[in-house]
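For reference, the structure discussed in these notes is given below.
The values are calculated or read from the model by the stated rules, or taken from the named source; none is laboratory data. In this text the structure is predicted, and so the values were computed from the model without any measurement. Cβ atoms come from the backbone with ideal geometry, glycine included; neighbour counts cover every protein chain shown.
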Amino acid sequence: MPIAHPRRVQVGGSRYSPNVPVGAVWAMREAPGHARSLYANPHAVGVCKRTCRGRVHDLDEALTLYAVHLDEHPEIVRQAATEPDGVRFACRCPLYERCHVDLLLRRVDELRAAV
Ligand SMILES: [Zn+2]
Ligand SMILES: [Zn+2]
């Protein structure tokens, strides 16, 4: 079973009333009370309306495309690396499922290890 990055947390509440753990950074697309995060995956699992004109992605493909997105936009990883060390990143995904936030935070760890 995949294990979430230690700094990923899960958004609770309902779709209409998301409940973000205190102090965590919103890392998802827009939702009531939250603007779209810089860290959101532009590729949705299921129908990808926003980026791929309705093409359907499974989770593997959505995560692969997010990795490409980070390759193309290294400033996103650099920005995430400026968040204080203990700050956690919140997404709706259960912690036992793979999530784009894990990819992002692994890249942040690599970036920090490289300096
Ligand atoms: Zn897409
Ligand atoms: Zn997620």
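Observations
- Qualifying position, being in a helix (DSSP H, G or I), modelled with pLDDT of 95 or more and within 14 Å of Pro6 (Cα to Cα), among Val101, Val77, Val68: Val101
- Here segment 66-92 is the region considered, the condition is being surrounded by 14 or more Cβ atoms within 10 Å (Cβ to Cβ) and charged (D, E, K, R), and the residue that is nearest to Gly13 (Cα to Cα) is Arg92.
- Within segment 43-65, the residues that satisfy the criterion of being surrounded by 12 or more Cβ atoms within 10 Å (Cβ to Cβ), touching a strand residue (DSSP E or B) at 6+ places or on another chain (Cβ under 8 Å) and either basic (Lys, Arg) or outside any strand (DSSP E or B) (or both) are His43, Ala44, Val45, Arg55, Ala62, Leu65.
- So Ala90, is it part of a loop (DSSP other than H, G, I, E, B), touching a strand residue (DSSP E or B) at 6+ places or on another chain (Cβ under 9 Å), within 15 Å of ligand 2 (Cβ to nearest atom) and aliphatic (A, V, I, L, M): no
- Among the residues making up segment 47-75, those that are within 13 Å of ligand 2 (Cβ to nearest atom) and of a type outside the set (Ser, Thr, Tyr) are Leu59, Ala62, Leu63.
- Qualifying residue in segment 54-72 (condition: within 15 Å of ligand 1 (Cβ to nearest atom), of a type in the set (Phe, Trp, Tyr) and in contact (Cβ under 8 Å) with a residue 24 or more places away in the chain): yes
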